[in-house]
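The values are calculated or read from the model by the stated rules, or taken from the named source; none is laboratory data. Worth saying up front: this structure is predicted, and the values here are computed from it rather than measured. Quick reminder, even Gly has a Cβ in these numbers, built from the backbone with ideal geometry, and neighbours come from all protein chains shown. Keep in mind that these areas ignore ligands, DNA and RNA; they rest on the heavy atoms of the full protein, side chains included. Shrake-Rupley method; radii C 1.70, N 1.55, O 1.52, S 1.80 Å.
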Amino acid sequence: MKRIIVTFFTFILFLFSATACKSPVTTDGEFVVITVEKAEENTTLLNYMNALQEKDELSFTIENGMVTSIGDKANTTNCYWMLYTSDEENSNSAWGTVEYQETTYNSASVGAEELIVKEGETYVWVYTTF
């Protein structure tokens, strides 16, 4: 009986630690992917990113309303961070798309300061060369 109880609590601890350590931010080369699991109503992407930065889950800078760096990659003369999303209401495929892990994301129709995040949606920052 003692073995069953120890095994049960070990399993519960494992599940708790696995979900507690999950970050809503994935960094993969030229991509920074933010998946919104929970957000206050009317939270902008910029405010969501600021909260992630306060928790040391994301590092970025913004100047004059434009994201100028994420992590260790900063905008240059011909390389910029561009925003794409799965949120069809706030995107436009005519402005460009990007493929990430077999999913197509459309270009965001507004910037991070105006884009209201939605639970379950994904926001993809791509370091793009023009």
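Observations on the structure shown:
- Residue match in the stretch 93-100 (condition: closer than 14 Å to THR122 by Cβ, open to solvent by 90 Å² or more (accessible area, probe 1.4 Å) and in contact with a Phe, Trp or Tyr (Cβ under 9 Å, 6 or more places away or on another chain)): yes
- Conditions (1) open to solvent by 70 Å² or more (accessible area, probe 1.4 Å); (2) in a strand (DSSP E or B); (3) among the hydroxyl-bearing types (Ser, Thr, Tyr); number of the one not met by SER107: (1)
- Residues of the stretch 45-67 that turn out to be of a type in the set (S, T, N, Q), out of contact with any strand residue (DSSP E or B) (no Cβ under 6 Å at 6 or more places or on another chain) and within 18 Å of GLY111 (Cβ to Cβ), as a count: 4
- Just one of the numbered conditions (1) aromatic (Phe, Trp, Tyr); (2) under 18 Å from TYR123 (Cβ atoms); (3) modelled with pLDDT under 50 is not true of PHE16: (2).
- Restricting attention to the stretch 38-72, the residues that are farther than 19 Å from ASP28 by Cβ and loosely packed, with under 13 Cβ neighbours inside 10 Å total 10.
Residue-by-condition table, conditions (1) in contact with a Gly (Cβ under 6 Å, 6 or more places away or on another chain); (2) basic (Lys, Arg); (3) touching a residue at least 24 places away in the same chain (Cβ under 8 Å):
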{"site": "MET49", "(1), (2), (3)": "no, no, yes"}
{"site": "GLU57", "(1), (2), (3)": "no, no, yes"}
{"site": "ASN64", "(1), (2), (3)": "no, no, no"}
{"site": "SER69", "(1), (2), (3)": "no, no, no"}
{"site": "TRP81", "(1), (2), (3)": "no, no, yes"}
{"site": "GLU102", "(1), (2), (3)": "no, no, no"}
{"site": "SER107", "(1), (2), (3)": "yes, no, yes"}
{"site": "VAL117", "(1), (2), (3)": "no, no, yes"}
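- Total residues in the stretch 23-37, condition open to solvent by less than 90 Å² (accessible area, probe 1.4 Å) and either assigned to a loop (DSSP other than H, G, I, E, B) or of a type in the set (S, T, N, Q) (or both): 7
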